[in-house]
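A short worksheet on the structure shown next.
The values are calculated or read from the model by the stated rules, or taken from the named source; none is laboratory data. Just so it is clear, the model here is predicted, and its values are computed rather than measured. Because the Cβ atoms are built from the backbone with ideal geometry, glycine has one as well, and the counts that use them run over all protein chains shown.
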Amino acid sequence: MKIKFVVAAAFIMALSISNTNAQVVTDKPTSNQRIKQGIKSGELTRAEATNLRNDEKDLRQDVKEARKDGDVSRKERSEIRHDKKHLNRGIFRKKHNNRERH
């Protein structure tokens, strides 16, 4: 009985130690972070950054409106997903269009 208890306690302690050493893996950078990085590196002009920020604001507003009634429908999710892809594609294209910020 004592052996089972000791083994169980050792197992629990090993799990807790491994969890404390685990690092949090962040997801992809947000669109806002990507826009800021593009401005900092000179890949985005001010006008491009402004347009992208407006697109990002529109996306946040769409998400807010979809959540307003408490239920995000399949169609709303699809539209939000499409708008996110469109924004990400726009960020990539504007960062790689060989225009430089002065």
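A compact table of results
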read-out	value
Filter pass, Asn32 being of a type outside the set (Val, Ile, Thr), under 20 Å from the mean Cα position of the chain (by Cα) and at pLDDT 95 or above	no
Selection from segment 75-102 of residues that are loosely packed, with under 10 Cβ neighbours inside 10 Å and assigned to a helix (DSSP H, G or I)	Lys75
Of all residues making up segment 44-75, the number that are touching a residue at least 12 places away in the same chain (Cβ under 8 Å) and over 22 Å from His96 (Cβ atoms)	4
Selected residue (only one of Ile39, Ile17 is part of a helix (DSSP H, G or I), surrounded by 14 or more Cβ atoms within 10 Å (Cβ to Cβ), at pLDDT below 95 and among the aliphatic types (A, V, I, L, M))	Ile39
Asp71 vs. criteria over 14 Å from Glu48 (Cβ atoms), part of a helix (DSSP H, G or I), more than 15 Å from the chain's Cα centre (by Cα) and at pLDDT below 95	no
